[in-house]
1. Work out from phi, with θ = phi - 60° and the Karplus expression 6.51 cos²θ - 1.76 cosθ + 1.60, the ³J(HN,Hα) of each residue of segment B:148-153, listed in order in whole Hz, and give x for Gly and Pro.
2. Suppose we flag GluC sites (Glu not before Pro) only when DSSP calls them loop and at most 14 other Cβ atoms lie within 10 Å. Which is the longest uninterrupted stretch of chain B?
3. Kirkwood hydrodynamic radius, segment A:173-263, all distinct C-alpha pairs: what's the number in Å?
4. Apply the Karplus curve 6.51 cos²θ - 1.76 cosθ + 1.60, θ = phi - 60°, to the phi angles in segment B:234-243 and return the couplings in whole Hz, x for Gly and Pro.
5. Averaging sequence separations of C-alpha pairs under 8 Å and six or more residues apart, then dividing by the length of segment B:97-226, give the relative contact order as a whole percent.
6. Quantify how strongly other chains surround peptide B:287-293 by giving the mean number of their Cβ atoms within 10 Å of each of its Cβ atoms.
7. A:ALA34's amide H: which non-local residues (gap 5+, or another chain) put their own amide H closer than 5 Å, with H modeled 1.01 Å from N in plane and none for Pro or chain starts?
8. Where does the protein assembly as shown land on the Kirkwood hydrodynamic radius, alpha-carbon pairs, in angstrom?
2 protein chains.
Amino acid sequence: MERIRIGICGYGNLGKGVETVIDKNNDMELVAIATRRNPKEVACQIQKNVSVISMEELENWKGRIDVMILCGGSATDLPKQTPMMVKNFNVVDSFDTHKNIPEHFKNVNEVAKLGGKIGVISSGWDPGAFSINRVYADAFLPDGTSYTFWGKGVSQGHSDAIRRIEGVKDARQYTIPIEDAVNRVRNGENPELKTREKHLRECYVVVEDGVDKAKIEKEIKEMPNYFADYDTTVHFISEEELKREHAGLPHGGSVLHSAQTGSGNKQVIEYSLKLDSNPEFTASILLAYARAAYRMNKNGDTGAKTVLDIPPALLSMKSQEELLKMV
Amino acid sequence: MERIRIGICGYGNLGKGVETVIDKNNDMELVAIATRRNPKEVACQIQKNVSVISMEELENWKGRIDVMILCGGSATDLPKQTPMMVKNFNVVDSFDTHKNIPEHFKNVNEVAKLGGKIGVISSGWDPGAFSINRVYADAFLPDGTSYTFWGKGVSQGHSDAIRRIEGVKDARQYTIPIEDAVNRVRNGENPELKTREKHLRECYVVVEDGVDKAKIEKEIKEMPNYFADYDTTVHFISEEELKREHAGLPHGGSVLHSAQTGSGNKQVIEYSLKLDSNPEFTASILLAYARAAYRMNKNGDTGAKTVLDIPPALLSMKSQEELLKMV
């Protein structure tokens with residue numbers, strides 16, 4: 001069997017996640033990992049026989065990689081990397097700055113069309129699996145209301161924001177959906193919920209010796225955008241406890257959609273994820289969309305795609321015959 | 001705006017459901033309802049200005065109906081009707097005899113290709129929304145285990161089976177998922193579950209005067225395929241109580257999929273429905289797929305399709321611009 005040759009671009013949590021889960025996909029093989037660090041100093045964690053290369057070398061791999069998984073960050077990496085890479089490769093990214101998705105789509109689409117490649121953007125679980133479910137639910141029940149809850153899980157962005165405070169050595173922030181709010185939506189009550197009524201924020205913080213904890217706590221709780229609009233709890237713990245109890249990257253959440261049909265019949269759709277490892281699950285989804293990108297491009301299709309443009313069957317390793325049995 | 005002209009073929013619970021929910025779809029209009037009864041004796045329940053016609057007249061409506069929603073039963077109606085109708089119309093059906101879906105697909109595909117039409121088969125929620133979720137989950141976590149639970153809800157097939165017993169005037173059967181089993185799956189325990197361990201069956205039965213209730217209860221509980229493999233409870237109630245307490249057709253259920261990634265990280269995906277009206281929800285989904293069938297056919301595509309072949313975006317009334325904001 002001809003395997004889909006996969007490249008990883010960016011070797012952080014997500015890139016390592018792709019490396020970890022790729023073996024579950026018998027139709028794929030990992031051929032290269034591109035890193036910004038010195039390739040000689042980077043050891044692959046799991047996969048042997050994989051070339052570790054610099055970002056600059058990637059161009060020479062044109063024709064030897066079928067789909068490149070872009071594992072950089074949405075703030076500064078992907079807006080440049082995805083359009084650049086899609087010139088030479090089919091690509092999949094997890095661009096997650098929701099408000100900039102239309103612009104990112106446009107930029108990727110132009111280059112992908114020119115290069116004759118497919119660029120799947122904003123894959124993963126939110127955006128990604130959650131987006132699909134928001135759109136399906138809205139199409140099934142067009143005048144309903146959708147709610148997205150996140151957590152319980154670690155928000156990397158919020159953890160980073162705490163780490164930037166002077167006197168903080170390390171931090172882990174959990175986003176926690178408020179169970180009462182979730183249950184009201186589940187019961188089809190269709191409530192109006194303020195930011196504060198949907199999620200709590202819980203912070204575990206390691207500080208330098210001798211700092212003013214009360215001041216740091218205040219600074220966290222009043223941080224605009226990140227914490228000011230939420231009920232936030234701050235726990236100061238030791239470095240050892242942080243490593244022991246908060247080393248994982250669990251996450252999850254729910255998309256709920258409710259509407260009434262006919263004479264007051266409540267209809268509720270819920271899609272939920274409970275993930276022990278956020279990066280490994282995100283990586284798993286990126287690989288499913290890599291398969292779709294490969295197939296679409298083989299079939300002559302080019303341009304930018306989102307998860308909304310791709311039929312479920314294209315993601316699956318199973319044959320048409322096997323899929324008909326799963327309908 | 002040009003509206004999609006919809007026909008209903010079969011005016012039972014599901015056909016009436018389509019009539020009830022179609023107004024939520026601003027891009028559609030209902031133009032005709034075909035019934036097996038005498039059209040003169042059938043009054044539309046909700047929609048005015050809709051032609052009620054006989055099945056035989058349908059042929060004359062070629063070119064005046066864009067998508068026909070087939071609302072017949074899977075046992076005897078749809079295996080004949082769908083291939084027959086797809087000669088002249090784009091069609092959507094909710095064929096739900098899982099083991100015969102491959103054959104039904106083949107039959108519909110042949111005629112649809114010849115007639116230049118699209119035939120979406122096995123739409124609805126199971127098969128349908130549940131099928132999509134089984135395939136997405138399996139593509140995201142390829143070596144996981146999937147579980148489907150149904151209920152709490154009314155099973156029409158099981159209610160009918162009880163009604164066929166001598167001495168029974170009416171009956172309503174609820175399928176109830178066993179909460180403990182659902183929770184074990186939710187926790188990623190990956191249990192092996194026998195039929196009896198997944199669902200209970202609860203029956204509300206109205207009998208003729210003077211019959212042997214104990215005999216009827218035994219006959220229900222020992223009925224092969226339907227009840228013998230389940231823990232079944234039978235309640236004998238009055239006709240009035242049945243009408244008062246059990247008139248609705250609620251249903252729902254969950255598709256759960258769990259797998260491990262990396263070093264023992266549990267990942268759990270759950271899709272759940274809680275429906276006050278099964279026929280109105282099924283009808284809502286059929287209309288979303290009618291939109292997709294219309295668009296695919298406009299775009300030159302023909303043949304049989306399942307929900308697995310259709311990208312989410314094609315189901316939505318929203319523009320590409322609006323959809324990008326939902327990603």
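1. 10, 10, 10, x, 5, x
2. Numbers: sites that count: B:GLU2, B:GLU166, B:GLU189, B:GLU192, B:GLU208, B:GLU222.
Formally, the longest exposed-site-free interval is B:3-165.
3. It works out to 15.6 Å.
4. 10, 10, 8, 10, 7, 4, 5, 5, 4, 5
5. Working: 114 pairs, mean separation 25.1, N = 130.
Relative contact order here is 19 percent.
6. On the way: counts 3, 6, 2, 0, 1, 1, 0.
Counting Cβ atoms of other protein chains within 10 Å of each residue's Cβ and averaging gives 2.
7. Amide H neighbours of A:ALA34: A:ILE8, A:CYS9, A:GLY10, A:ILE53.
8. Details: mean 1/r = 0.0373 Å⁻¹.
Evaluated on the protein assembly as shown, it is 26.8 Å.
Rule-based calculations on the coordinates, nothing more; no lab input. All values reported here derive from a predicted model rather than from experimental measurement. Note: ideal-geometry Cβ built from the backbone for every residue, glycine included; neighbour counts use all protein chains shown.
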